[in-house]
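Peer 1: Got a structure here, written out as structure tokens. Questions coming.
The values are calculated or read from the model by the stated rules, or taken from the named source; none is laboratory data. Quantities reported herein were computed from a predicted structural model and do not represent experimental measurements. Cβ coordinates were reconstructed from backbone atoms using ideal geometry, including for glycine residues, and neighbour counts include every protein chain displayed. What goes into the accessible areas is simple: the full protein's heavy atoms, side chains included, and nothing from ligands, DNA or RNA. Shrake-Rupley method; radii C 1.70, N 1.55, O 1.52, S 1.80 Å.
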Amino acid sequence: MRAGVVGHVEWIEFVSVEHVPRPGEIVSATETWEEAGGGGAVAAVQLSRLAASVQLFTVLGAGDLGRKAKAELEGLGVEVHAVFADVPQRRGITFVDDDGERTITTIEKKLHPRGNDDSYPWHELARCDAVYFCAGDADALVNARRGRVLVATARELPTLRRAGIGLDALVASGKDTSETYHPGDLDPPPHLTVTTSGALGGWARPGGPFTAAPLPDTRADSYGAGDCFAAGLAFGLAAGLEQSAALAFAAGCGAGALAGRGVHAEAVALP
């Protein structure tokens, strides 16, 4: 299995706190760490645990943080195709409270690849069994469609509309208003639309409700769980699993992200 991700990378500073500060409040951190995050990085790391190879198409800032992010992801087994833009690397601060919930503040503009940039080896996507799209312009999405199975996030709904191409699956959220999808929002409609609702499971169209995977005994944090779910769904569908089995596999990937801190991905066995 070969996998590809078209998306963004953010350099994230994680801050463990008892609870997220209320307005005017001061809280003390119990632990801090930094690593390459963002939807593209999260999905690529998840797929690196599953596929024989994974390629990430992204844009990074030209400074030290961009180079550091690339080196870190390559150390995790991701082949990074990056254009270095002469702008600051997008960063973020993520509070992780004692319940494992994450609260994110991003800094600087999201950097995403453009499909008309010939410095990327876009032809490599045609060799990918599974591709996940989480950031890029309409031309980048057209290039992503070269993959055998293409899954995208509803976060990029305006781009999906402009591209007007068919998706094998779209992953939306029943909790986050920036990731909602309603029937008729896309033409052509996705073959499969999945709306996730955390521990409640979710709803697939077609297919109806599905259950969440069992949560880990110890919940580290929920950072990246949604993108791990989407990456797992792309892999499961490309592996030829029936829809219900692919959803269960994806749910396991999402739950596995809760087990470790920060950009964490566990390998989940195919059913």
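Peer 1: For LEU167, only one of the following conditions fails: (1) within 19 Å of LEU233 (Cβ to Cβ); (2) touching a residue at least 40 places away in the same chain (Cβ under 8 Å). What is its number?
Peer 2: Just one mismatch for LEU167, condition (2).
Peer 1: Now a separate question. Hey, any hits in region 195-216 for a residue that's over 20 Å from ALA255 (Cα atoms), within 19 Å of the chain's Cα centre (by Cα) and open to solvent by 30 Å² or more (accessible area, probe 1.4 Å)?
Peer 2: No: region 195-216 contains no residue that is over 20 Å from ALA255 (Cα atoms), within 19 Å of the chain's Cα centre (by Cα) and open to solvent by 30 Å² or more (accessible area, probe 1.4 Å).
Peer 1: Determine, yes or no, whether LEU241 is assigned to a loop (DSSP other than H, G, I, E, B) and in contact with a helix residue (DSSP H, G or I) (Cβ under 7 Å, 6 or more places away or on another chain).
Peer 2: It is true that LEU241 is assigned to a loop (DSSP other than H, G, I, E, B) and in contact with a helix residue (DSSP H, G or I) (Cβ under 7 Å, 6 or more places away or on another chain).
Peer 1: When both residues are 6+ apart or on different chains and their Cβ atoms are under 7 Å apart, which pairs have a first residue that lies in region 135-156 and is farther than 17 Å from VAL54 by Cα, and a second that is among the basic types (Lys, Arg) and not in a loop (DSSP other than H, G, I, E, B)?
Peer 2: Hits for this filter: ALA138/ARG162.
Peer 1: Looking at GLY92, is it assigned to a strand (DSSP E or B) and small (Gly, Ala, Ser)?
Peer 2: Numbers: assigned to a strand (DSSP E or B): yes; small (Gly, Ala, Ser): yes.
Considered against the rule, which asks whether it is assigned to a strand (DSSP E or B) and small (Gly, Ala, Ser), GLY92 comes out as yes.
Peer 1: Regarding GLU124, is this residue out of contact with any His (no Cβ under 7 Å at 6 or more places or on another chain), outside any strand (DSSP E or B) and in contact (Cβ under 8 Å) with a residue 40 or more places away in the chain?
Peer 2: Yes, satisfied.
Peer 1: Right, something else. Based on this model, can you work out whether ALA255 counts as open to solvent by 30 Å² or more (accessible area, probe 1.4 Å), of a type in the set (A, V, I, L, M) and in a helix (DSSP H, G or I)? Before you say what the answer is, go through the steps one by one.
Peer 2: Values: open to solvent by 30 Å² or more (accessible area, probe 1.4 Å): no; of a type in the set (A, V, I, L, M): yes; in a helix (DSSP H, G or I): yes.
Judged against the criteria, ALA255 is not a match.
Peer 1: Sort out which residues of region 1-34 are open to solvent by 20 Å² or more (accessible area, probe 1.4 Å), acidic (Asp, Glu) and in contact with a strand residue (DSSP E or B) (Cβ under 6 Å, 6 or more places away or on another chain), and write them in order of number.
Peer 2: Residues satisfying the conditions are GLU13, GLU31, GLU34.
Peer 1: Mind telling me which of the residues GLY61, GLY77, GLY92 ends up being surrounded by 19 or more Cβ atoms within 10 Å (Cβ to Cβ) and either within 23 Å of GLY260 (Cβ to Cβ) or more than 18 Å from the chain's Cα centre (by Cα) (or both)?
Peer 2: Numbers: GLY77 fails: surrounded by 19 or more Cβ atoms within 10 Å (Cβ to Cβ); GLY92 fails: surrounded by 19 or more Cβ atoms within 10 Å (Cβ to Cβ).
Exactly one of GLY61, GLY77, GLY92 is surrounded by 19 or more Cβ atoms within 10 Å (Cβ to Cβ) and either within 23 Å of GLY260 (Cβ to Cβ) or more than 18 Å from the chain's Cα centre (by Cα) (or both), namely GLY61.
Peer 1: Further, regarding this structure: Of the numbered conditions (1) within 16 Å of the chain's Cα centre (by Cα); (2) surrounded by fewer than 19 Cβ atoms within 10 Å (Cβ to Cβ), HIS123 fails exactly one; give the number of that condition.
Peer 2: (1)
Peer 1: Looking at region 171-189, which of the residues that are of a type in the set (Val, Ile, Thr) and under 14 Å from LEU160 (Cα atoms) is farthest from the chain's Cα centre (by Cα)?
Peer 2: Top of the filtered list is THR180.
Peer 1: Checking the structure you have, find out if any residue of region 263-270 is in contact with a His (Cβ under 8 Å, 6 or more places away or on another chain) and either outside any strand (DSSP E or B) or open to solvent by 20 Å² or more (accessible area, probe 1.4 Å) (or both). Can you show your working first?
Peer 2: Residues of region 263-270 that are in contact with a His (Cβ under 8 Å, 6 or more places away or on another chain), as a first pass: none.
The answer is no; no qualifying residue exists.
Peer 1: Further, regarding this structure: Hey, any hits in region 13-21 for a residue that's touching a Leu at 6+ places or on another chain (Cβ under 7 Å) and among the hydrophobic types (A, V, I, L, M, F, W, C)?
Peer 2: The answer is no; no qualifying residue exists.
Peer 1: List the pairs whose first member sits in region 186-207 and is closer than 22 Å to ARG219 by Cα, whose second member is of a type in the set (Val, Ile, Thr) and assigned to a loop (DSSP other than H, G, I, E, B), and whose Cβ atoms are under 7 Å apart, counting only residues at least 6 apart or on separate chains?
Peer 2: Filtered contacts from region 186-207: GLY201/THR211.
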